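Structure first, commentary second.
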Amino acid sequence: MLFNRSEVLDRIRTSGIIDRGGTILGASRTSPLRIKDGSQKLLDTFHEFGLRALVVLGGEGTLSVASQLYEMGLPLVGIPKTIDNDVKETDFTIGFQTAVQIATDALDRLRSTAASHHRVMILEVMGRRTGWIATYAGMANGADAILIPEILMDEKNTDELCDMLKSRNQRGINFSIVVVAEGVQLGGEVIFKPSLPMDKHEDPDRLGGVGQVLAALIEKKTGLHVRVSSLDYIQRGGTPVAYDRSLATAFGVKAFELILENRFGEMTALRGNRITSVPLQKVAGGVKTVDMSVYKIAKIFFG
Ligand code: F6P
């Protein structure tokens, strides 16, 4: 087993994985706590392989499970890694900036086709409970409206959006760009993907389709031509941007240090420009919603 600093560094130096996204371990998206005797099996496997520590990477769900497993006696540390950027106690998570870049590139492309054909283009991006990707990508593109789960799309807000789109058209601006996060509630309802056959341990609540529902609504209320694109899993793969590679490197080094110092039950975190750590307990069971001061900056350019 590798635990010595120079052995680990040599393994990393020769791995050639710094420019790869995804998981090289092929980890599932299944919580061991949802499987019968799952946590016991996990503890047994940990001891069977003679491991001394676990580094758990993931979003709020994964890190909450990690926190429970730590309480059960597993020596582990966490690293926040999700495109959603909704993990508490850290400014950014690994993967977020890459997803934002992919969504921004998509929006830039949509802008040219929107302008050519005088359409409202809607881009649906991921974000089940928070609209971080929508906010940052929308701001980077200068989007005309950004819809996030933090803001309920009730009748008043939907009417305001439609009025704004119509007013642009009347002012001779004949196209608009709207970004919508998958978890946005239209009239209090989230939109699910039509059910597909799935693994028995998988999450049954697959979101998706809010862009289409919104498009129908806008067309009906405004008479404008609307088209929809959904980025789906495209925003979750491919080559990581430089920022994510540096953040992953810094978090990896910090996790290794935490292990060497026997500081289990902690998660690496970014605060300002500083890499630090926080107890996993503080992260479990809740999400970090969009920073409204950032959203307000993007909002200045709506309309
Ligand atoms: O957790 C990140 C996330 O990208 C969510 O925004 C999205 O709803 C979900 O994953 C999709 O998960 P799955 O891979 O299970 O379909």
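The values are calculated or read from the model by the stated rules, or taken from the named source; none is laboratory data. For clarity, every value in this text was computed on a predicted model and none was experimentally measured. Every residue, glycine as well, gets a Cβ built from its backbone with ideal geometry; the counts of neighbours run over all protein chains shown.
Of all residues in segment 107-127, those being in a loop (DSSP other than H, G, I, E, B) and at pLDDT 95 or above number 3.
If you go through segment 190-200 and keep only what is away from the ligand (no atom under 11 Å from the Cβ), more than 18 Å from Thr130 (Cβ to Cβ) and either of a type outside the set (Ser, Thr, Tyr) or modelled with pLDDT under 65 (or both), you end up with Pro194, Pro197, Lys200.
Of all residues in segment 233-255, how many are within 16 Å of the ligand (Cβ to nearest atom), not aliphatic (A, V, I, L, M) and not in a loop (DSSP other than H, G, I, E, B)? Quick ask: steps written out before the conclusion?
Applying the first criterion (within 16 Å of the ligand (Cβ to nearest atom)) to segment 233-255 yields 233-238, 240, 244.
Okay, now just the ones that are also not aliphatic (A, V, I, L, M), so 233, 235-238, 240, 244.
Those left that are additionally not in a loop (DSSP other than H, G, I, E, B): 233, 235-236, 244.
Total satisfying the criteria: 4.
Out of the residues in segment 49-66 that are surrounded by fewer than 21 Cβ atoms within 10 Å (Cβ to Cβ) and under 13 Å from Glu266 (Cβ atoms), state the one that is farthest from the ligand (Cβ to nearest atom). By that ranking, first place goes to Ala53. Of all residues in segment 218-232, those being surrounded by 14 or more Cβ atoms within 10 Å (Cβ to Cβ), outside any strand (DSSP E or B) and touching a residue at least 40 places away in the same chain (Cβ under 8 Å) number 6.
Output the residues belonging to segment 82-106 that are part of a helix (DSSP H, G or I) and either crowded, with 24+ Cβ neighbours inside 10 Å or small (Gly, Ala, Ser) (or both).
Selection gives Phe96, Ala99, Val100, Ala103, Ala106.
Taken over segment 174-189, residues that are within 18 Å of His118 (Cα to Cα) and either at pLDDT 95 or above or within 14 Å of the ligand (Cβ to nearest atom) (or both) amount to 5.
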